[in-house]
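The values are calculated or read from the model by the stated rules, or taken from the named source; none is laboratory data. For clarity, every value in this text was computed on a predicted model and none was experimentally measured. In this analysis, Cβ positions are derived from the backbone assuming ideal geometry, glycine residues included, and neighbour counts consider all displayed protein chains.
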Amino acid sequence: MTRIDLPTKTLCWHPGRFDTFPNADAFCGELRAQICTLAQWRAAVCMAGVQNPGRSWTYHPTGQGGFAIIGNCSLDSMSDLHWSSQVQGPCCVEWPRY
């Protein structure tokens, strides 16, 4: 994982793998992480300049069988997909900085 030091937190980031939501979640779990939240994805890609993995799962359910995905730093890049679709699943672990 890549360590990212931000003003208020330290974030560990892994680009994950191209897979369904459950498989991406299981892969992250093996790293003792979770699929990145929207805020974590934006912190890594938009603020810290980590290479954008492309359309990515985020850890936000959007309805029956759906999860949010994001593709770039603009708000119009958000949409949702069925859990069985195949997109990138970045992994994150976060700690506050004191």
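Tabulated results
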{"read-out": "Near pairs, Cβ below 8 angstrom, 6+ apart or cross-chain, from region 52-71 (charged (D, E, K, R)) to any residue that is at pLDDT 90 or above and assigned to a loop (DSSP other than H, G, I, E, B)", "value": "ARG55/GLY71"}
{"read-out": "Check on GLY16, part of a loop (DSSP other than H, G, I, E, B) and either out of contact with any strand residue (DSSP E or B) (no Cβ under 6 Å at 6 or more places or on another chain) or in contact (Cβ under 8 Å) with a residue 40 or more places away in the chain (or both)", "value": "yes"}
{"read-out": "Selection within region 35-79 - buried (at least 16 other Cβ atoms within 10 Å of the Cβ), at pLDDT 90 or above and assigned to a strand (DSSP E or B)", "value": "ILE35, SER56, TRP57, THR58, GLY66, PHE67, ALA68, ILE69, ILE70"}
{"read-out": "Flag if VAL93 is touching a residue at least 24 places away in the same chain (Cβ under 8 Å), among the β-branched types (Val, Ile, Thr), in a loop (DSSP other than H, G, I, E, B) and closer than 16 Å to THR10 by Cβ", "value": "no"}
{"read-out": "Residue in region 10-25 that is in contact with a Leu (Cβ under 7 Å, 6 or more places away or on another chain) and at pLDDT below 95 present", "value": "no"}
